[in-house]
Amino acid sequence: MEDIIAVDNLVKRYGDVIALDHFNLHIAPGEVFGLLGPNGSGKTTVINCMLQLLTYDKGSISLFGESMTPVRYDLKRRVGIVPQNVAVFEELTVRQNIDYFCALYVPDKGRRAALVDEAIAFVGLEDYVRFRPRKLSGGLLRRLNIACGIAHKPELIFFDEPTVAVDPQSRNAILEGILRLNAQGSTIVYTSHYMEEVEDICTRIMIMDQGRALATGTNDELKAMIGTGERIRVEVDAADDAVLRALRALPCVAGATFDGAVLETTCGNGQHNVADVLAVLATHGVATGRIYAEPPTLNDVFLEVTGKELRD
Amino acid sequence: MQAFKAALHVVMDHPVYLLVYVGFLSLMGVFITSSINLGIDGSEFTASKAPFAVIDRDSSELSESLAAFLGEQGERVEVTDDPFALQDAVATGQARYLLVVPQGYGDEFIESARTGAEEPVLESTFSYGTMAGTLVDEQVNQYLGLVRAAAALEPDASMASVLARADEAAAKAADVETVQTPNSSKPADQFAFYLQWGTYTMTAAIVVCVGLLMAAFNRTDLYRRNLVSPMSSLRLGMQKAAASLLVTALVWAITCGIGLAAFGSSLAGVPPAAVALALGGALVFALVPLTIGFLLGQLGASEMVANAVGNIAGMVMSFLGGAWISIELMGPEIQTLSRFIPTSWYTEAVSKSVHLTDVTLSSAAPVLANLGVVALFAAALFAVALVAGRVRMRSAEAGGNAAASMTGA
């Protein structure tokens, strides 16, 4: 199937700073694609280049199989954008705002009215249609921001950190909404620095840093790329240096620590990690309490790929 | 027309601005215009009569005669001969001029006139709030001069005879007649003054309304959201411009409509084409605040800034442009400065318009030239606004979301 987005060898410079360094991105229709990276990694820059808000120094961008330029209004008509900052008119009501942005894409008034109603229902703002944005809470504002971006039923939607500064309830509603849009046929490009969100909703993820794509794949594929396997925590009464040395000597163990109550062992990829660790403890006569075995998280992947925490 | 409608919604969301800046300030203009005397009432000259007081400690024939002469020129008020009462009378304006004739003054004055000895001195005080006291002092000197001349000419004449000759000479006065020239003030000047006052009304109202409208669209994120839409920048810009022009025309129409309703009758005798020229001039002037509002929008100015700029620019432009006080009454530096203010060209155009007796291309040429200069000011401001907007949006491009939020949108 033809890529809905094809970015090849994109280079964007701000003076001496390289914001995008021969960046490549290919997204197939129907994907929920996550762009993950710390602030300044180039996520927003690449989106702005794709949307032709920024010029670029080198490379090519195609949307829907056609070269994207600032005057390709036919392609722009098929795209929706939900920016990070709420971008609505403070002077217009909820309904007027959605209608305004929808009208930029759908001139037909009759068709538009139905789309606006649908968008209002989609984000659950039926009770607030006459409200001005200044009367809405942060979560409701975010929903309005989304409704303005999706009312025209775009085939491709960019969500640029849509859950920043949003309460957990509204965040869940937004994430569910994104999945519903995807189920209805829209391809989603989702940028965030909340790894749990990306892990939850994205079918494929790209980890970016310093304008480069460091790794791309599904959640499982990314986790498989790294050497870190499970993290095994065992509640124990005591663990002396001999126990720790024995654990570290295991081929599957990358590290072992004891904080006085919990013995934590970091393992590499392996089939019998828990059994091997428990066997060592039994050999040394260590009485065990509760045992936790956690698979690697996206945070582990990020840490290993970029060498730093995401929120750095 | 979605952007056009949204732009009007933005303005209409602030009805208080239209009410205060257009309605209230226009009515203020009506009251101020009605209350000031533009020198257009009647054609007869009436000398002003200032209140004065004479403290006569001499009680001579000369002092009484002098007081009687002043009484014909002004309005004598009685003041007690007490230091506090005298100070109060001048300080409160009860008497604009206070004359104290010391004891023995009459005889000494006649003696000095005939012998050439040093003249005795009168004590006098002027009120500081007006020139009226100075004029009364001039009249005192004039009368004493006549007495001095009569006494010197007839060294043996009695005091009564000298004073009679002086009174006879003082009674002779030149006839004063008011002559109307083409440049004289006429009733239509009232309407002209209202339109000139309207520079403040229009500047404040249009700067604020257009500034709000433009700023709403130029908030960085909204601007970007519009930019990624299928609506071209040109179409979007045209719709915003159309909305701004409509708001400008609305402010102009209300301002001029109120003026016509209040002072339309003063335009009797003024050719309709001349009135149209004055009103058209106001519309050309309105382009200046329109471009200032556009500039503020390009800079992303807040509502508070738009209000401040609208008011301050309105007042400064109106004052320096001679809309409130004639430029001729100001110092040479201010007069030079005023040529760099569009208002001065506009006020001149309006004054010239209402004085046109026949509107032809040649008679209207000076007015059109003035309005052309006003239009050039607007064009220059528009160019500056375009550059400012471009610089601002470029700075917002750098650094994605972080920079976008830094621009304060």
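The values are calculated or read from the model by the stated rules, or taken from the named source; none is laboratory data. This is a predicted model, so every value here is computed, not measured. In this analysis, Cβ positions are derived from the backbone assuming ideal geometry, glycine residues included, and neighbour counts consider all displayed protein chains. Each accessible area value is taken on the protein alone, full model and side chains, heavy atoms only, with ligands, DNA and RNA left out. Shrake-Rupley method; radii C 1.70, N 1.55, O 1.52, S 1.80 Å.
Data overview
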item	result
Search result, residues across segment B:1-15 that are more than 7 Å from chain A (Cβ to nearest Cβ) and over 17 Å from B:Ala215 (Cβ atoms)	B:Met1, B:Lys5, B:Pro15
Helices (runs of 4 or more DSSP H) (entirely within segment A:108-218) containing at least 1 residues that are away from chain B (no Cβ under 14 Å), among the acidic types (Asp, Glu) and open to solvent by 10 Å² or more (accessible area, probe 1.4 Å)	A:109-123, A:168-183, A:195-201
Number of the exception - B:Val384 against (1) at pLDDT 85 or above; (2) over 25 Å from B:Arg225 (Cα atoms)	(2)
All positions within segment B:194-234 that are facing chain A (nearest Cβ under 10 Å), touching a residue at least 40 places away in the same chain (Cβ under 8 Å) and in contact with a helix residue (DSSP H, G or I) (Cβ under 8 Å, 6 or more places away or on another chain)	B:Leu212, B:Leu213, B:Ala216, B:Phe217, B:Thr220, B:Asp221, B:Leu222, B:Tyr223, B:Arg224, B:Asn226, B:Met231
Verdict on B:Asp107 being surrounded by 13 or more Cβ atoms within 10 Å (Cβ to Cβ), within 23 Å of B:Glu154 (Cα to Cα), of a type in the set (Asp, Glu) and over 35 Å from the mean Cα position of the chain (by Cα)	yes
Matching residues in segment B:16-28 - criterion: being within 14 Å of another protein chain (Cβ to nearest Cβ) and either within 19 Å of the chain's Cα centre (by Cα) or open to solvent by 80 Å² or more (accessible area, probe 1.4 Å) (or both)	B:Val16
Unmet requirement for B:Gly237, which otherwise passes all of (1) closer than 21 Å to B:Ser353 by Cα; (2) surrounded by fewer than 22 Cβ atoms within 10 Å (Cβ to Cβ); (3) of a type in the set (Gly, Ala, Ser)	(1)
Complete set of residues in segment B:69-95 that are free of Cβ contacts under 8 Å to residues at least 24 places away in the same chain and under 30 Å from B:Ala150 (Cα atoms)	B:Gly71, B:Glu72
Some residue of segment A:122-130 being under 16 Å from B:Val228 (Cα atoms), modelled with pLDDT under 95, acidic (Asp, Glu) and out of contact with any helix residue (DSSP H, G or I) (no Cβ under 9 Å at 6 or more places or on another chain)	no
All positions within segment A:80-93 that are among the β-branched types (Val, Ile, Thr) and more than 7 Å from chain B (Cβ to nearest Cβ)	A:Val82, A:Val86, A:Val88, A:Thr93
Among (1) more than 9 Å from every other protein chain (Cβ to nearest Cβ); (2) in contact with a Leu (Cβ under 8 Å, 6 or more places away or on another chain) - the single one A:Thr45 does not satisfy	(1)
B:Ala166 open to solvent by less than 10 Å² (accessible area, probe 1.4 Å), over 28 Å from B:Leu277 (Cα atoms) and either β-branched (Val, Ile, Thr) or modelled with pLDDT of 90 or more (or both)	yes
Extreme residue, most open to solvent (accessible area, probe 1.4 Å), among residues of segment A:224-238 that are charged (D, E, K, R) and part of a strand (DSSP E or B)	A:Arg233
Filter pass, A:Ser67 being in the same structural domain as A:Thr191 (by the TED database) and without any contact (Cβ under 8 Å) to a residue 12 or more places away in the chain	yes
Filter result for A:Ala103 (without any contact (Cβ under 8 Å) to a residue 60 or more places away in the chain, of a type in the set (Gly, Ala, Ser) and within 11 Å of chain B (Cβ to nearest Cβ))	yes
Which listed residue, of B:Phe294, B:Phe285, is among the aromatic types (Phe, Trp, Tyr) and within 22 Å of B:Pro15 (Cβ to Cβ)	B:Phe294
Any hit, segment A:122-144, residues being of a type in the set (Asp, Glu) and either in contact with a strand residue (DSSP E or B) (Cβ under 7 Å, 6 or more places away or on another chain) or in contact (Cβ under 8 Å) with a residue 60 or more places away in the chain (or both)	no
Conditions (1) over 22 Å from A:Ala113 (Cβ atoms); (2) at the interface with chain B (Cβ under 9 Å from one of its Cβ atoms); (3) charged (D, E, K, R): number failed by A:Glu66	(2)
Any hit, segment B:126-138, residues being in a loop (DSSP other than H, G, I, E, B) and modelled with pLDDT of 90 or more	no
Neighbours by Cβ (under 8 Å, 6+ apart or cross-chain): first from segment A:248-262, open to solvent by less than 80 Å² (accessible area, probe 1.4 Å); second aliphatic (A, V, I, L, M) and part of a loop (DSSP other than H, G, I, E, B)	A:Phe258/A:Ala239
Filter result for the condition that a residue is open to solvent by less than 30 Å² (accessible area, probe 1.4 Å), among the hydrophobic types (A, V, I, L, M, F, W, C) and touching a strand residue (DSSP E or B) at 6+ places or on another chain (Cβ under 6 Å), over B:Val251, B:Val228, B:Val270, B:Val275	B:Val228
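For (1) in contact with a Lys or Arg (Cβ under 6 Å, 6 or more places away or on another chain); (2) of a type in the set (A, V, I, L, M, F, W, C), each residue gets a yes or a no:
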{"position": "A:Thr203", "(1), (2)": "no, no"}
{"position": "A:Asp209", "(1), (2)": "no, no"}
{"position": "A:Thr216", "(1), (2)": "no, no"}
{"position": "A:Leu222", "(1), (2)": "no, yes"}
{"position": "A:Ile226", "(1), (2)": "no, yes"}
{"position": "A:Gly229", "(1), (2)": "no, no"}
{"position": "A:Ile232", "(1), (2)": "no, yes"}
{"position": "A:Glu235", "(1), (2)": "yes, no"}
{"position": "A:Val243", "(1), (2)": "no, yes"}
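For (1) surrounded by fewer than 18 Cβ atoms within 10 Å (Cβ to Cβ); (2) in contact (Cβ under 8 Å) with a residue 40 or more places away in the chain, each residue gets a yes or a no:
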| residue | (1), (2) |
| --- | --- |
| A:Asp8 | yes, yes |
| A:Val11 | yes, yes |
| A:Leu20 | no, yes |
| A:Phe23 | no, yes |
| A:His26 | yes, no |
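Listed here are the residues, each with its yes/no results for (1) part of a loop (DSSP other than H, G, I, E, B); (2) crowded, with 21+ Cβ neighbours inside 10 Å.
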| site | (1), (2) |
| --- | --- |
| B:Gly300 | yes, yes |
| B:Ala313 | no, no |
| B:Ser318 | no, yes |
| B:Glu328 | no, no |
| B:Glu333 | no, no |
| B:Thr347 | no, yes |
| B:Ser353 | no, yes |
| B:Thr357 | yes, no |
| B:Gly372 | no, no |
